[in-house]
Amino acid sequence: MIEIHVASDKEALGQQAAARGAQAIREELASRGEATIIVATGASQFEMLKHLVAAEGIDWSKVTAFHLDEYVGLSESHPASFRRYLRLRFMAPLCNAPTFIPVDGESDPAAAVKQLNKQIDGKRIAVCFAGIGENCHLAFNDPPADFETEEPYLVVNLDEACRRQQFGEGWFPSLEAVPQQAISMSIRQILKSELIVLSVSDTRKAEAAKAALEGPISNLAPASILQTHKRTVLFIDPPAASLLSRKG
């Protein structure tokens, strides 16, 4: 069962999610001397990342950070680039920066996927930070998501609901400008994480949150697969939690 924490607002949500993830990183460093994590992007991660980079007691030089996804064909200089997002919001504030493994789909997505799959192979993931899309996607695994592939990363097609969300959040000047493909971490790779910390906010995510937490497990609601994960913790604000029957 997914552990649920309803925060008073986005700021508290981000603070609590970061604290839970930071504690997992500290524990991993204490027990193993290094930690591998997965970071996420998008509007849902703004507050979480702000607090995560301010967390005390983490030797970031011993951390390796992968991330969930990136658009195909997008340069890092584009305002919507997730590599750019993470370099600005995650890497730049840290004096003792982690090893960052970027997902680069700009020129040769197939080669990028092959390299990423080699780099993440055999890694123990201490914590994966993630969100849930308006269409209930997990990373860029839009419905119907592939629940079976064991490939860590893959090239996926983005559905219209996903592309409308990216446009609606202001990352692109028009719907037509949103790429139709992305490189995404697969569902099964995400599920290998020791801990998954979800940050979900805003009324527009309420239906997706209900489907993920209380609906049947289905590839038509990709985040519902988290009901099977051993240790997923959700931090959610009241608007996004408004349709949930269970709020704790």
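The values are calculated or read from the model by the stated rules, or taken from the named source; none is laboratory data. Remember, it's a predicted structure, so these values are computed and weren't measured experimentally. Heads up, the Cβs are rebuilt from the backbone with ideal geometry, glycines too, and the neighbour counts pull from every protein chain shown. Accessible surface is based on the protein model in full, side chains and every heavy atom, while ligands, DNA and RNA are left aside. Shrake-Rupley method; radii C 1.70, N 1.55, O 1.52, S 1.80 Å.
Entry remark, region 3-14: residues being assigned to a helix (DSSP H, G or I) and surrounded by fewer than 18 Cβ atoms within 10 Å (Cβ to Cβ) number 2 in total. Once region 208-217 is narrowed to residues that are more than 13 Å from I236 (Cα to Cα) and either in a helix (DSSP H, G or I) or in contact (Cβ under 8 Å) with a residue 60 or more places away in the chain (or both), the residue that is least open to solvent (accessible area, probe 1.4 Å) is A211.
Taking the criterion of being among the β-branched types (V, I, T), open to solvent by less than 10 Å² (accessible area, probe 1.4 Å) and in a loop (DSSP other than H, G, I, E, B), would at least one residue in region 146-158 satisfy it? Taking every residue of region 146-158 in turn, none turns out to be among the β-branched types (V, I, T), open to solvent by less than 10 Å² (accessible area, probe 1.4 Å) and in a loop (DSSP other than H, G, I, E, B). Does V197 satisfy the condition of being assigned to a strand (DSSP E or B) and surrounded by fewer than 17 Cβ atoms within 10 Å (Cβ to Cβ)? Against the criterion (assigned to a strand (DSSP E or B) and surrounded by fewer than 17 Cβ atoms within 10 Å (Cβ to Cβ)), V197 does not qualify. Can you find a residue that is aromatic (F, W, Y), outside any loop (DSSP other than H, G, I, E, B) and open to solvent by 10 Å² or more (accessible area, probe 1.4 Å) anywhere in region 165-180? Among the residues of region 165-180, at least one is aromatic (F, W, Y), outside any loop (DSSP other than H, G, I, E, B) and open to solvent by 10 Å² or more (accessible area, probe 1.4 Å), which makes the answer yes.
Against the test of being within 18 Å of V103 (Cα to Cα), of a type in the set (G, A, S) and in contact with a Phe, Trp or Tyr (Cβ under 9 Å, 6 or more places away or on another chain), the options A182, A139, A130 yield a single qualifying residue, A182. Residues of region 15-41 being assigned to a loop (DSSP other than H, G, I, E, B) and buried (at least 20 other Cβ atoms within 10 Å of the Cβ), which ones? Hits for region 15-41 are A40, T41. Of K114, K118, K123, all but one fail to be surrounded by fewer than 23 Cβ atoms within 10 Å (Cβ to Cβ), touching a strand residue (DSSP E or B) at 6+ places or on another chain (Cβ under 7 Å) and either at pLDDT 95 or above or not hydroxyl-bearing (S, T, Y) (or both); the exception is K123. The set of residues in region 132-145 being buried (at least 16 other Cβ atoms within 10 Å of the Cβ) and over 19 Å from A240 (Cα atoms) consists of F140, N141, D142, P143, A145. Checking each residue in region 181-192 for being in contact (Cβ under 8 Å) with a residue 60 or more places away in the chain and either more than 18 Å from S75 (Cβ to Cβ) or open to solvent by less than 40 Å² (accessible area, probe 1.4 Å) (or both) picks out A182, I183, S184, M185, Q189, I190, K192.
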